[in-house]
Structure formats: structure tokens, C-alpha cells
1. Kindly evaluate A156 against the criterion of being at negative phi and either open to solvent by 20 Å² or more (accessible area, probe 1.4 Å) or more than 11 Å from ligand 1 (Cβ to nearest atom) (or both).
2. Of all the strands (runs of 3 or more DSSP E) wholly in segment 7-85, which have at least 1 residues that are open to solvent by 50 Å² or more (accessible area, probe 1.4 Å)?
3. How about segment 228-248: which of its residues are more than 13 Å from the chain's Cα centre (by Cα) and among the small types (G, A, S)?
4. Which one of these does Y175 not meet: (1) of a type outside the set (A, V, I, L, M, F, W, C); (2) in a helix (DSSP H, G or I); (3) within 11 Å of ligand 1 (Cβ to nearest atom)?
5. Just to be sure I understand the filter: pairs with C-beta atoms under 7 Å, separated by 6 or more residues or on different chains, first member in segment 109-134 and more than 16 Å from ligand 2 (Cβ to nearest atom) and part of a helix (DSSP H, G or I), second member open to solvent by less than 40 Å² (accessible area, probe 1.4 Å) and of a type in the set (S, T, Y). Which pairs pass?
6. Looking at segment 154-176, I want the residues that are under 13 Å from G186 (Cβ atoms) and have a partner that is away from ligand 2 (no atom under 16 Å from the Cβ) and not small (G, A, S) with Cβ atoms under 6 Å, at least 6 apart or on another chain. Which pairs are those?
Amino acid sequence: MVDFSLKGKVALVTGATHGIGMGIAAAFAQAGAKIYFNSSRQDHLDRALGEYKAQGVDAEGCVCDVRDEAQVGKMVDGILAKEGHLDILVNNAGIIRRIPMTEMSLEEWQNVIATDLTAPFICSKAVIPSMIKNGHGKIINICSMMSELGRETVSAYAAAKGGLKMLTRNICSEYGEYNIQCNGIGPGYIATSQTAPLRERQADGSRHPFDAFIISKTPAGRWGTVEDLQGPAVFLASDASNFINGQVLYVDGGILAYIGKQPK
Ligand code: NAP
Ligand code: GCO
């Protein structure tokens, strides 16, 4: 019997105060997992706790900036002290800055790298020792189309997400022998607050040019939704995927396979 259940598992989903992270956390809870999540801000945390409760999700949260190794260590130690195990880590927290590279400050570059690449290193380093001790673990890194493709104005983000794909492969290489599986999910273009600026209606009511562009580049002919990511995330967090390691599962509606709709 294929086991997609997460019953008895403890999951930490970073940055799961809304968007993709909250969707994944809710799906994990539905599959039986106990949920922990973090936010860099108390107000976001409080709001998210209310939303989880309204969804019937038993989630615990803490204020933790994923870029801060001491805060991450305290968060993980707290979960282990309470639960005794931390079975699933989803490195979801992330930011993007859309700035032409030559106009991007070093500080802006370093902040994106710190959040989108270094933080997954910090969080993974914090959870792996207990996963080794417990004889199993799942790490899921939220990658991106930009793990494979570039585009104007997202140099730091693409560099980070490309690096995250290789960190995924390296965690697989170093810790696969301890029954730890580290895979990535590469969402396509998903309708969340992070992509809201790319979907804003124009003054004349027409679609944002980028919105129309993505529709033309996606065989599915639509933006993805958080719900599109829930099944793949549960699959990679479950025992059903124990012999999958170091892979990035692209949930993109076919973007990476498609040259794009030819102009009429
Ligand atoms: P989002 O709505 O902007 O959510 C990002 C989350 O990251 C927020 O909950 C935010 O929490 C958290 N976060 C940011 N910096 C943090 C920090 N220093 N410490 C702790 N938490 C932090 O974005 P999303 O669209 O759901 O994206 C989630 C992940 O999917 C990101 O890694 C993103 O790169 C990736 N992704 C998104 C898309 C897409 O089309 N939307 C596609 C591919 C990949 P607080 O602000 O409350 O701290
Ligand atoms: C952008 C978008 C993308 C998505 C996602 C695609 O500005 O191009 O924000 O980067 O967030 O990463 O997979």
C-alpha cells in the first residue's frame, strides 16, 4: 500500500504565514502532520495563527528570521524539546527584488542571497543532526523557474534559486545514506502576493503585459495556484517518495517544456 500519510510526523515550514508556505502547511496537516512555522514578524505570525485556526489546522508558530542562525537554532531546539523529532523541513521563506542588476545595490543582492539561499543552508544544517539520529528526514527546498531560467531584473533571485537547486543535490549526496531525502519543488508562476505586481490590472482594465506573457508561456494557459503545489509537497514529504532524492519537481503547468505560444 503506497503511503502518502504524514500521520505522526512533525513538519517545520519556514515563512508559512501565507502564500505557498501556508498552502503546503495546511496540506501537511490534512495528511496528519503536526505543523510548526515561523515569520520574521509577530503581527504576521498572529494573523497566520488565526488563519490556521480558522482552517482547523493545529499549527504552532514563532518569530524567527531565517537569516539568523541563532534564532533558527533556538526555533529548532524548541521544536525538538517539545516533540522529540522534526521529520520534515520545507525551506519556503523567500523574497524577490526585481531590479536591473547594474542598479541593484550590494545590500539588496546580499539580502536576497541571505534569505533565499543561505537561510535554507542554515535551516537544513539545524535539522539534519536530529534527522540522522532519528534515522529519517525530509527536506523540501522551494526552488523556482529561476532555478533553470533567467529573466530581466531578477539576477539575485535567479542566482539564489539556482544555488538552491545545487544545495538540494548536495544535501542528497552528503546525507542520503542516513535515509534523508532532500528534493526541491519548482513552482511555475503562482498567484500569490509575491507575484501580485506582475498581475495587476492596467489603468484601462487590460491584463498586465507580464500576465499575458506568462499565459502565453504556460501550456496550461493559466497561472498556478497554491493548491496546485499541495499534492506534490505531500508526496515529497511522505514515505511514498523515499527513493527520490536530489530532484527538483517542477510544478509549472508545462512552462519549462514549452517554447511559447506563437503570435497570431
Ligand atoms: P510570499 O507570499 O511573499 O511569502 C514569502 C514568505 O516568506 C512570507 O511568509 C514571509 O514571511 C517569509 N519570509 C521572508 N523573509 C523571511 C525571513 N527573513 N524570515 C522568515 N520568514 C521570511 O511568497 P510566496 O509566493 O508564497 O513564495 C514562497 C516561496 O516560493 C518563496 O521561496 C518563493 O521564492 C517561492 N516561489 C514563489 C513562486 C510564485 O510564483 N509565487 C514561484 C516559485 C517559487 P514574513 O513576511 O511574515 O516574515
Ligand atoms: C518573477 C517571478 C518569478 C516567480 C517564480 C517563478 O519576477 O519572475 O516572481 O520569479 O516568483 O520564482 O518560478
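The values are calculated or read from the model by the stated rules, or taken from the named source; none is laboratory data. Owing to the predicted nature of the structure, the values given are computational and were not obtained by experimental measurement. Virtual Cβ from ideal backbone geometry, glycine too; neighbours counted across all protein chains shown. For accessibility, only protein heavy atoms count, side chains too; no ligands or nucleic acids. Shrake-Rupley method; radii C 1.70, N 1.55, O 1.52, S 1.80 Å.
1. yes
2. It comes to 59-63.
3. G231, S238, A240, S241, G246, listed by residue number.
4. Only one criterion in (1) of a type outside the set (A, V, I, L, M, F, W, C); (2) in a helix (DSSP H, G or I); (3) within 11 Å of ligand 1 (Cβ to nearest atom) is unmet by Y175, namely (3).
5. C123/T14
6. T168/C182
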